Amino acid sequence: MRQKTKHFQNCLGVFQGGGCKASAYVGAYQEATDWGVSFSELVGTSAGSIVAVLIGAGASPSDLERMIKELDFKKFISPAKKIGTNKLPIKLRIAKHFIDKKWQEYLPVVTYFGMHNSENIKDWLEAKLQELLPDVPKPIKFKDLIIPTSVIVTDIITKRVEVFSTEKSSSKDVSEAVQASCNIPIYFQPVEMRYVDGGILSNLPTFIFENHPNRNYDKILAFSLESRPVISSILNIEDYLRALVNTALEGNLDIQLSLQENIHLINIDTGDISATDFDKINSHTILDLINRGKVATNDFFKNETINVGESVKRWDITFNSYFTKNYLIQNSSQKFNQIIICDTNNKDWVYDLFPTLLKWKNDKSEITFIFPKDSDDTDNKKFRIRFLNNFGVRIHYVGNLPFRGAIFDGAEQDNCKAILFNHNEGNEYHAKIYSGVEDSYVIGLMHNMLKDYVTRDEHTRVKLSEVDHNELIANLRQVKQYSNENVQVTIRKINVCDVIFLTKYVLGYKYRQIKTLFDLYDKFGFDYFRPTKLVLSNDKYTLVTPPILEIVDQKLYLIDGNTRFTYAYRNGIESLTCVVVENVNSPFPTKDKFLPKEILLSDKKREGDTRYNKFDYSKYRKIEECVRNPKNCLL
């Protein structure tokens, strides 16, 4: 299987404008998808907005390629339409009879405020959106898009950027907003005599979302287009107008990048094609642009670690618990000899980051947890401690924690990392990262505070083994909704595309680490996810619960296993072994329904009503609690 991205499994996708050059984004999107890139939100300006909304409507890489290859770019150029009663000044009306035909095409700029009309862009896009969303009422609105999408437009009346988006303008026609965003000044007439190309004020609109309060994404991945200058000097009005338009659309990239940190940019060289070269686009140039997009994107991800390291500045700012988990998971791809975790709350480490712990164990890392002596003594806490002990993690209890955080290879100057966090009661959670040689002195001091607790033990081998189906089914019968004798529970393979999700969101930190679980099944030769048990030390084990589905009106609803099904769908895995439950006489805890293609990753805290619509906890199926009862599991 091809190597996958470590940092961009959930990101904001930003597409710069660039007129006909935007064909290169087709190849860029194909390559990004192959690398495992996933967008939970999209932004586009000018021609980049066309690509953004098509992806937002669910277009696959092959859909985009088909659409762009079938498109006759010359059809985007239609004659300018008369606006009001405006007429050419009398002198120009007389002079136009004596002007060379070559220059007469520029006269509509004076009368109609543009050489061409852009309505064909709107009509073409609306048709393509309807192909992608055939069951949605026409015309397509922003609220109908599968992925939240924003389109950037310049309003020449207010002299401001106008943002049309799923969040702010849900009832706005998508094709109308994109037409406005693509309205290259002079070349096209303004829409409603006020809206022109979004690239005039923001051709790479990343800074607009710097403090986005509802962001679901972890990082920002921006795609830009760069062409070689085709005009070395300005000799006539044609040269001047072309240079003016291209400078307005492309000349502010450096300024915009300077307004926001940590933007990860894929810059695509589009050769000699400029924004308004509609007459030069043919099958040959389209294939060339698509290939250029592929090459640039592949080059970026082949050197992802270096590119991300160069564009990310020092973490002298704090960040929240979800980004903390993401940082730990993203670094799990790197092998560490020693990991020390010092914290008061071991729930997050054991439950939320279980696959990451499994990855560390497979790497034979020495893992040490340090907890305060007065840790809570609930059943859940006891089970987590039993699990860590049997998992081969060394646990120490101290009177006072010197700090809260995690240290990775703290004694190794070149490889050391550390993360400190604070979640005292009453304080907002925040964390700070230290890394590399420049922080090695500070990391070394923290490591020295804890080094006496680190001892080397024999590595505990964790393995996957088959389990009796009846044991799993008996545990599931303890779930309140499955206890009725009429309920039928079976094990069967299910096509990934046949399931219906009850939530639109899969948590990003869970998705990033689920591959470890798939890899474990591969390692021991089991089909995903036939009933198995995870065997720990002393032959003690805990069950691995397959995804749980319920049948209602002959449709399969996913109750547990959202992350696994999302990973399977996005990675071309056709079927999973699941537990299928029938004749359940209890409503679902939510009424929403989503198809696999509609699922988004979220790096925002989403629980209860923020993840499900009108969530009713009384109808929640307590599956994990019954399969692994914390009172007796691993005893």
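The values are calculated or read from the model by the stated rules, or taken from the named source; none is laboratory data. Values in this document were obtained by computation on a predicted structure and should not be read as measured data. No Cβ is skipped: glycine too gets one built from the backbone with ideal geometry, and neighbour counts run over all protein chains shown. Keep in mind that these areas ignore ligands, DNA and RNA; they rest on the heavy atoms of the full protein, side chains included. Shrake-Rupley method; radii C 1.70, N 1.55, O 1.52, S 1.80 Å.
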### Message
How large is the accessible surface of H469 in square angstrom, using a 1.4 angstrom probe and rounding to the nearest 10?
### Response
70
#### Entry: Cut-off 17 Å (backbone N to label point 7 Å along Cα→Cβ of N583), residues of the range 477-499
477-491
## Note on the structure
Computed on Cα atoms, the radius of gyration and Dmax of the range 539-635 in angstrom are 15.0, 43
### Query
Which value in nm describes the separation of the simple spin-label points at D34 and V161, placed 7 Å from the Cα toward the beta carbon?
3.2
### Query
How much length is gained if the chain between D363 and D269 is pulled fully straight, taking 0.36 nm per residue apart and subtracting their Cα-Cα distance, in nm to one decimal?
29.8 nm
#### Entry: Extension gain, N495 back to K619 (0.36 nm per residue minus Cα-Cα distance, nm)
42.0 nm
### Query
Roughly what would the spin-label model give for Y453 and S62, points 7 Å off Cα along C-beta, in nm?
5.3
#### Entry: Loop trypsin sites (Lys or Arg not before Pro), the range 533-635, which have at most 12 other Cβ atoms in a 10 Å radius of their Cβ (DSSP)
K591, K605, K614, K622, K631
### Query
What Rg and what Dmax come out for the range 453-530 when only alpha-carbon atoms are used, in angstroms?
17.5, 54
### Message
Relative contact order of the range 500-635, please, whole-number percent, based on alpha carbon pairs below 8 angstrom and at least 6 residues apart.
### Response
35
### Spatially close lysines, pair count over the range 443-567: Cα under 24 Å, gap of eight or more or interchain
22
### Query
Could you give the length gained on full extension between L287 and K335, defined as 0.36 nm per residue of separation minus the Cα-Cα distance, in nm?
13.2 nm
### Task
Could you compute the FRET efficiency for R477 and K597, with r as their C-beta to C-beta distance and R0 at 41 Å, rounded to 0.05?
0.75
### Task
Find which of I500, L517, T563 sits farthest along the positive direction of the dipole of the range 419-565, computed with +1 on the beta-carbon of Lys and Arg, -1 on that of Asp and Glu, about the Cα centre.
I500
### Task
May I ask you to list the GluC sites (Glu not before Pro) in the range 546-635 that are in a DSSP loop and have at most 14 other Cβ atoms within 10 Å of their Cβ?
E574, E607
